[in-house]
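Before any comments, here is the structure.
The values are calculated or read from the model by the stated rules, or taken from the named source; none is laboratory data. These figures come from a predicted structure and were not determined experimentally. Don't worry about glycine lacking a Cβ; one is built from the backbone with ideal geometry, like all the others, and counts go over all protein chains shown. Please note that ligands, DNA and RNA were not included when accessible areas were found on the heavy atoms of the full protein model with its side chains. Shrake-Rupley method; radii C 1.70, N 1.55, O 1.52, S 1.80 Å.
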Amino acid sequence: MVKQERAVRTRAGLVRSAAAEFDRDGYAGTSLSQISKAAGVSMGAVTFHFASKADLAEAVREEGRAVTRVTLERVTAERTSALRAVVDLTVELTRLMERDVVVRAGARLARELGEGGSWSDVWLPTVRDLLDEAHRAGQLRDGAPPEDVTILVEYLTGGAEASPHSRPGAENEPEGPVGRLNRVWRVALAGVSATGDTGAAHSAPEARRAGEG
């Protein structure tokens with residue numbers, strides 16, 4: 001029993017250490033020896049639990065998906081309305097991406113490896129279902145069909161996958177990604193047009209023609 005518990009702890013430690021390395025250096029830039037050193041265990045211990053770097057990367061991705069599913073279940077169980085649940089879910093997913101290295105590394109690995117599905121595959125079906133429910137309940141404006149709001153959610157949450165320090169000066173900002181997303185949602189829910197103009201932006205040629213008319 002003691003050996004079994006130790007093996008479980010070692011495996012969990014390897015997954016978290018691997019996540020930190022993958023998050024920083026990506027799949028191609030990370031080696032098993034690097035992970036072994038970060039976890040403070042021998043290469044033998046690493047290969048006992050994971051035969052290859054690919055197996056370890058998949059374990060990180062699965063752990064990230066599992067953590068994301070727990071958040072999905074919690075937010076949907078606590079919801080007061082479908083639209084509110086969508087907003088809360090994007091905020092919580094952004095918080096996960098900001099604070100949980102396993103979720104962040106899993107999303108990066110999904111992008112880099114291009115197989116096994118993306119991080120959004122875990123939560124996007126729930127978002128679609130919630131927005132369809134919100135539409136049926138009259139919570140969306142006539143000009144905001146569920147399909148378009150889903151695209152908005154994808155863009156907003158996709159931005160959370162970027163490193164919090166990826167933009168110049170971001171480390172000096174008083175609020176993190178969660179605070180910025182809350183501000184964006186306030187604008188999106190209120191609407192930005194004071195004149196009621198909700199037309200799509202002109203393409204460059206269209207804009208020039210409009211200016212010449």
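Tabulated data for the structure shown
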| quantity | calculated |
| --- | --- |
| Helices (runs of 4 or more DSSP H) completely within segment 57-168 that count 1 or more residues being modelled with pLDDT under 90 and of a type in the set (S, T, N, Q) | 146-159 |
| Pairs where the first residue, in segment 107-122, is of a type in the set (Asp, Glu) and the second is surrounded by 13 or more Cβ atoms within 10 Å (Cβ to Cβ), C-beta under 8 Å, 6+ apart | GLU112/GLY26; GLU112/TYR27 |
| Options THR76, THR90; residue that is touching a residue at least 12 places away in the same chain (Cβ under 8 Å) and under 17 Å from SER118 (Cα atoms) | THR90 |
| Enumeration of residues in segment 22-41 that are in contact (Cβ under 8 Å) with a residue 24 or more places away in the chain and either open to solvent by less than 20 Å² (accessible area, probe 1.4 Å) or assigned to a helix (DSSP H, G or I) (or both) | PHE22, ASP23, GLY26, LEU32, ALA39 |
| Of residues in segment 66-86 being within 19 Å of the chain's Cα centre (by Cα) and open to solvent by 90 Å² or more (accessible area, probe 1.4 Å), the one nearest to ALA137 (Cα to Cα) | ARG84 |
| Residue among ALA144, ALA134, ALA107 that is in contact with a helix residue (DSSP H, G or I) (Cβ under 9 Å, 6 or more places away or on another chain) and over 17 Å from LEU189 (Cα atoms) | ALA107 |
